[in-house]
1. Cross-link candidates for Lys231: which lysines have Cα within less than 22 Å, leaving aside residues fewer than 8 places away along the same chain?
2. If you average the alpha carbon positions of the stretch 283-298 and of the stretch 241-268, how far apart do those two centres end up, in angstrom?
3. For Rg and Dmax of the Cα atoms in Å, several values are listed as [x] 18.4, 56; [y] 25.2, 85; [z] 19.7, 70; flag the one computed from this structure.
4. Restricting to Cα pairs below 8 Å that are 6+ residues apart, what does the relative contact order work out to for the chain? Please round to a whole percent.
5. What fraction of the DSSP beta bridges in the chain is antiparallel, stated in percent and rounded to the nearest 5?
6. Rounded to the nearest Å, what's the spacing between the alpha carbon centres of the stretch 177-239 and the stretch 41-60? Just the number, please.
7. Taking all protein chains in place and a 1.4 Å probe, what share, in percent, of the accessible surface of the stretch 159-314 do carbon and sulfur account for?
8. Could you run the Debye sum over the Cα atoms of the stretch 98-239, one equal point scatterer each and no solvent, and tell me log10 of I(q)/I(0) at q = 0.20 Å⁻¹, two decimals?
Amino acid sequence: MKRYIVSAASLFLAFLSCNKDQMNTVSSDDTKNNAVALTDTVKVPLIDLGTGTYFGYTGGLYPGGVNSPSGQYKKDLKAFAVAIKPLSGSGIVDSTVGKILFISMGGSTGGRNMDSLKAKTLRYAKKNPYLKLINACNGGGDASLQQIAAPNTDYWTHVSQVILGAHSTLKQVQVVYLESEDSLSTILDFPARPNQYKVDLEAAIRTCKVKLPNLKLVYVLGRTTTFGTTKTTNSEPCPYYNGWGDKFMIEDQINGVPGTEYKGTNAVAPMVTWAFYQWTNGSTVPRTTDGFVFDESLSYDGVHATPEGQDSLSTRFQNFLITDKIANIWYKKH
């Protein structure tokens with residue numbers, strides 16, 4: 001497995017901005033003698049980490065340290081995107097009165113992002129005319145992965161009410177943006193926490209497939225970094241591990257792990273894939289891959305984005321939906 005190689009200058013910057021987030025204490029002698037070991041224990045955005053490692057685990061959004069889908073998984077993503085058609089309230093293809101519902105699920109951060117994305121989409125001249133965005137997040141209540149995984153919770157009552165209130169039905173939902181966390185988990189170390197998150201996410205999407213029978217694609221973004229919050233699940237390193245959990249789950253699906261099957265007669269889940277990955281190291285140093293920054297000035301309480309921060313997040317999310325060759329199949333008018 002390749003190690004993450006950085007220049008002396010970038011290593012120095014990474015050390016200044018990230019040394020407080022190291023999971024292990026590294027002595028000065030160890031740092032001098034083993035710079036590679038230091039980078040292996042510093043939180044680096046998955047898309048910047050690439051084929052480098054974090055505690056021995058290779059980065060990148062997808063297997064092999066890459067940030068784009070490939071192989072059969074990519075072919076299946078395209079097939080699922082092409083299969084998204086306007087549906088009537090009973091779930092039948094209908095190009096006259098049908099809709100393509102794209103809903104957000106999870107907590108308040110995802111809900112705010114969806115509201116901002118919805119406003120941008122309404123102003124986008126090339127949007128799919130059948131597309132309808134609905135914020136089904138529950139910022140005022142519990143919308144953890146465990147709540148989503150349980151089919152009879154108050155959260156699912158909330159989802160149903162919001163969709164019906166928008167004169168739509170659960171059978172019209174074909175795309176979900178999911179941003180949540182495993183709030184019932186007390187595990188804080190790596191890789192145990194992202195592995196538990198993965199298990200909870202897999203359970204959640206299986207329930208989504210039952211409750212939303214025409215659901216095809218689930219997009220994840222991970223979470224933004226957080227600052228100074230006291231709630232454990234909102235405090236670093238949990239938001240960073242959230243992205244790793246998404247990555248682990250997608251790898252399970254690519255590898256055909258039982259309980260994640262998304263096609264054929266044994267399908268029990270929708271396909272899960274990445275949209276715009278949100279985590280940065282919480283400094284003013286831009287990500288090396290795309291120049292993205294999300295520092296403390298863009299969050300008013302350490303967790304939720306300011307209007308400026310929210311505009312940045314939703315703009316990048318929409319840019320992904322417009323430019324990604326698979327997502328724009330259902331997002332744009334063709």
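The values are calculated or read from the model by the stated rules, or taken from the named source; none is laboratory data. Everything numeric in this text was worked out from a predicted model, so none of it was measured. All Cβ positions, glycine included, derive from the backbone under ideal geometry; neighbour counts span all protein chains shown. For accessibility, only protein heavy atoms count, side chains too; no ligands or nucleic acids. Shrake-Rupley method; radii C 1.70, N 1.55, O 1.52, S 1.80 Å.
1. Reachable lysines: Lys20, Lys43, Lys198.
2. Between the Cα centres of the stretch 283-298 and the stretch 241-268 lies a distance of 30 Å.
3. Looking at Rg and Dmax of the Cα atoms in Å for this model, the match is [z].
4. On the way: 606 pairs, mean separation 56.9, N = 334.
Relative contact order, the chain: 17 percent.
5. Of those bridges, close to 25 percent are antiparallel.
6. 19 Å
7. Working: 3010 of 5570 Å².
Summing carbon and sulfur atoms, their accessible area is 54 percent of the total for the stretch 159-314.
8. -1.23
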